[in-house]
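Engineer: Mind looking over this structure? Questions follow.
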Amino acid sequence: MDVTALRNKLSQLGQDHLLEFWDDPDLTDDLRRSLYDDITGTNVEEVLKFFETSTANMNNSEKVDERMEPIPSELFGSVTRSGKNLDRWYKDGLKQISQGKVGVLLLAGGQGTRLGVKYPKGMYNVGLPSEKTLYQLQAERILKAQELALELTGEKGVIPWYIMTSEHTKEPTREFFKQHNHFGIGEDDLVLFEQEMLPCVSFEGKIILDQKHKISRAPDGNGGLYRALGNCKILDDMERRGVTYVHVYCVDNILVKMADPTFIGFCIDKGANCGAKVVEKAYPTEPVGVVCRVDGQYQVVEYSEITLPTAEKRSEDGRLTFSAGNICNHFFTIEFLKSVVNENESRLRHHVAKKKIPFIDGEGKRIAPEKPNGIKMEKFVFDVFRFSNNFAVFEVLREDEFSPLKNSTKSEKDNPTTARHALLSLHHRWVLNAGGNFIDSDGTPIPAIPSRRAHDPDCYPVTCEVSPLLSYAGEGLDKICNGKKFCPPILLNQANVIAEKQDTINTQ
Ligand code: UTP
């Protein structure tokens, strides 16, 4: 260990504080070694360059209204407005799956600080009757999509599942899948890889120490995907398997439709190399990014980047002009991903997230600050839209496809309860549409739009869960549900209708 040389180098870069505790009696030789390796293993110059470029516009409140235009209608598809094309896209998507051309890629490297659990978010159980975790729901949707493709074409295609993890989530995720036999997914078809971590930096540009012997680090954002795809040779793996189209999504959306055949078929039909699934923005001031064009390039514009009149602007049909709410659900061709990884990745800029970052103070005490004291630098997965010259946008219904688990139950929005309710209410509607009916424990019919009743909490929202192995998106339920009465809570699974309570199912 050449500590003098390291000290000199850090001093030139204004980072000598990183060795402040080198001679501290708390530091054993092993800890000193580990600090030395931690610092020398960090490209400090690069980190400081990232800091400079990402903070240059940190306090810039420039609005982009004048430069913004909506996505042209010919690039837009919609589950409510695309009529008979939907069936064609759906079947085409299934054909691609059956030919093994579709892969799914899960972004699961986030720290999930708002939810506040110590394990990866995908392992969270929101309290469904089945007690399934987000990871299990997703695994089963992949299996079902493969089965639907097989039924349609007679050919069995595998959808490889790539999961991007980070230092915090990799091992627990790996262990969890192992414990559960990969939920039926072939071990070789589940590929975990790890994104990079970047040092956290104070507002003054000093790298923060998390321990006397350790730099504070955070994952480099979900846009760290592109660097990780290259570093971990994931694109090579995709090519080897013949994957041509990749569906990228976030871990926290409990309603996510993995490898959604309609979305895949739609993007292929449009000749897109990059596509975004969106939901209609609920109201003008909803804090959601919108997919649009800025200076002719596709982009997600955050609510804070536009003025209220632009947010409120409506088209002739009365819809918001900028209504394409981004839900982090994307389509990419492998060729597009290759061009990003090999040519454009370094052009992506980090965004700044001001955070409360625990640090070691001058006296060597670890402090958990009450106010933001530094920044994490993150790239965003959608920042590559601007490199696409063939882009497409597909609008889906929020109540069918988007309910993210972001917060703990302390918050009213996007929490475990809202996620559970969203899934139960979707499945309740599936069963109603398949001809099923619901009764409460007294035998009284439960109205299709139920209201809260203190004596029957399972009737609001109706506690009705359908296993993804039984139905991917509500299809095929008629034979099980038509003309039947169900008394919640119910869990419909592959083999049968399983009642959670005694005498809960009455067949008419
Ligand atoms: P969020 O931005 O919601 O972050 O991630 P998060 O880590 O889940 O939660 P908070 O902000 O700490 O509370 C959106 C998606 O991007 C992934 C997350 O795992 C989630 O699927 N992500 C985020 C990454 O894969 N890597 C990152 O560095 C950040």
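The values are calculated or read from the model by the stated rules, or taken from the named source; none is laboratory data. This structure is a prediction, so every number in the text was calculated from the model and none was measured. When the accessible area is computed, the model is the full protein with side chains, heavy atoms only, and any ligands, DNA or RNA have been set aside. Shrake-Rupley method; radii C 1.70, N 1.55, O 1.52, S 1.80 Å.
Engineer: Given contacts defined as C-alpha pairs under 8 Å and at least six residues apart, what's the relative contact order of region 363-421, whole-number percent? Don't jump to the answer; show the numbers that get you there.
Structural biologist: On the way: 23 pairs, mean separation 9.7, N = 59.
Relative contact order of region 363-421: 17 percent.
Engineer: Of the heavy-atom accessible surface of the chain (probe 1.4 angstrom), what whole percent is carbon and sulfur?
Structural biologist: Carbon with sulfur: 46 percent of the solvent-accessible area.
Engineer: Provide, as a two-decimal number, the C-alpha radius of gyration of region 361-404 over 2.2 N^0.38 Å, N being how many residues it has. The partial results should precede the final answer.
Structural biologist: Numbers: Rg = 20.3 Å, N = 44, 2.2 N^0.38 = 9.3 Å.
Scaled against compact globular proteins, the figure is 2.19.
Engineer: Note down the accessible area of Leu492, probe 1.4 Å, to the nearest 10 Å².
Structural biologist: 0
Engineer: Let me ask something else. Might you work out the accessible area of Asp30 for me, using a 1.4 Å probe with all protein chains in place, and round it to the nearest 10 Å²?
Structural biologist: For Asp30, the solvent-accessible surface is approximately 120 Å².
Engineer: Could you state the per residue volume, in Å³, of the convex hull enclosing the Cα atoms of the chain?
Structural biologist: Numbers: hull volume 90.6 nm³, N = 508.
Considering the Cα atoms of the chain, their hull volume per residue is 178 Å³.
Engineer: Contour minus end-to-end for Thr285 and Lys356, with contour as 0.36 nm per residue of separation and end-to-end as the Cα-Cα distance?
Structural biologist: On the way: separation 71, 0.36 × 71 = 25.56 nm, distance 2.67 nm.
In short, 22.9 nm is gained.
Engineer: I need the semi-axes of the equivalent ellipsoid of region 169-232: take the C-alpha gyration tensor, multiply each eigenvalue by 5, square-root it, list largest first in whole angstrom.
Structural biologist: Working: eigenvalues 198, 45, 12 Å².
For region 169-232, the semi-axes come out at 31, 15, 8 Å.
Engineer: Per residue, how large is the accessible surface of the chain? Use a 1.4 angstrom probe and give square angstrom. Don't skip to the end; give the middle numbers.
Structural biologist: On the way: 22900 Å² over 508 residues.
Heavy-atom accessible area per residue stands at 45 Å².
Engineer: Which semi-axes, in whole Å and largest first, does the equivalent ellipsoid of region 108-253 have when worked out from the alpha carbon gyration tensor as the square roots of 5 times its eigenvalues? Spell out each step's value before the answer.
Structural biologist: On the way: eigenvalues 201, 76, 28 Å².
Calculated on Cα positions only, the semi-axes equal 32, 20, 12 Å.
Engineer: What is the count of Lys pairs in region 62-150 whose alpha carbons sit under 22 Å apart, if the two are 8 or more places apart or on different chains?
Structural biologist: Values: Lys84/Lys95; Lys91/Lys101; Lys91/Lys144; Lys95/Lys144; Lys101/Lys144; Lys118/Lys132; Lys121/Lys132; Lys132/Lys144.
Lysine pairs, 8 or more places apart or on different chains, close enough: 8.
Engineer: Compute the semi-axes of the equivalent ellipsoid of region 269-323, taking the square root of 5 times each eigenvalue of the Cα gyration tensor, and list them largest first in whole Å.
Structural biologist: Details: eigenvalues 83, 36, 24 Å².
The equivalent ellipsoid of region 269-323 has semi-axes of 20, 13, 11 Å.
Engineer: Related question: Need the C-alpha centroid separation for region 94-149 versus region 395-425, integer Å.
Structural biologist: Between the Cα centre of region 94-149 and that of region 395-425, the gap is 15 Å.
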